[in-house]
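What follows is a set of notes on a single structure, which appears directly below.
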Amino acid sequence: MSWLLIQPAAEVHAELVVVVNARCGVAAMTRNEVVNLFFGRTRQFFNGIEAQPVDMSDSHPDRARFYNALLGKDLSEINAYWSRQVFSGRMQPPTKVGSPEEVLKWVVSHPGGIGFVELSKADARVRVVYELTP
């Protein structure tokens, strides 16, 4: 058991989860549903509520972890995708915020709010609908 004590703290990551506004009526989502909402391919939840995704700023380490766990892609690939979408006039990327607390505030204040945080930060105001495996 002593090997656990010598693990560098940087290698220990809490599990990331996708959360929605607790009142939006969504109980669970598939990986494809999460991908489609975060990449603008779908604009509504299955129940017709307009999805309002929120993303983290590039500088926050959870953003890179989220897209790596969800798609196996790094931030340069994600940012390139959104640059193409914006340039073509097709769509805008999700709003970006700087911290997990701001993600929770966004999700709670928007009926169709959806974002990602560490599992330990999810509280009763939001519902966990998808768990990412590292």
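The values are calculated or read from the model by the stated rules, or taken from the named source; none is laboratory data. From a predicted model like this one, the values you see are computed outputs, not experimental measurements. Here Cβ is always computed from backbone atoms with ideal geometry, including for glycine, and neighbour counts include all displayed protein chains. Accessible surface areas use protein heavy atoms only, side chains included; no ligands, DNA or RNA. Shrake-Rupley method; radii C 1.70, N 1.55, O 1.52, S 1.80 Å.
Are there any trypsin sites (Lys or Arg not before Pro) in segment 40-134 that are in a DSSP loop and have at most 12 other Cβ atoms within 10 Å? List them by number.
On the way: sites: R41, R43, R63, R65, K73, R84, R90, K96, K105, K121, R125, R127; in loops: R41, R43, K73, R90, R125.
Taking segment 40-134 and a limit of 12 other Cβ atoms within 10 Å, the loop trypsin sites (Lys or Arg not before Pro) found are R41, R90.
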May I ask you to compute the full-extension gain from R41 to K73, defined as 0.36 nm times their residue separation minus their alpha-carbon distance, rounded to one decimal in nm? 9.8 nm
Solvent-accessible surface ranking, highest first, for S99, S83 at 1.4 angstrom: S83, S99
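Nearest 5 percent is fine: what portion of the DSSP beta bridges confined to the chain is antiparallel? Please list the in-between numbers first.
Working: 11 of 16 bridges.
Just about 70 percent of them are antiparallel.
Normalized C-alpha radius of gyration of segment 22-78, against 2.2 N^0.38 Å?
Taking the Cα Rg and dividing by 2.2 N^0.38 Å, one obtains 1.20.
How large, in percent, is the carbon and sulfur part of the accessible surface of the chain at a probe radius of 1.4 Å? Intermediate results must be reported in sequence, preceding the final value.
Numbers: 4190 of 7580 Å².
Within the chain, the accessible surface is 55 percent carbon and sulfur.
Tell me the per residue accessible area of the chain using a 1.4 Å probe; a whole number in Å² is fine. Show your work: numbers first, answer last.
Working: 7580 Å² over 134 residues.
I get 57 Å² per residue for the chain.
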Under a crude label model (7 Å from the Cα following the beta-carbon direction), how far is A28 from K105 in nanometres? 3.3
Counting only protein chains, not ligands or nucleic acids, how are L119, L16 ordered by accessible area (probe 1.4 Å), most first? L119, L16
Label-point separation in nm, D58 to D123, each point 7 Å along Cα→Cβ: 3.2
Any chance you could look up the accessible area of L75 with a 1.4 Å probe, heavy atoms only, rounded to 10 Å²? 30
Shape call for segment 48-129 from the C-alpha gyration tensor, a ≥ b ≥ c root eigenvalues: rounded (a/c under 1.5), prolate (a/b greater than b/c) or oblate? oblate
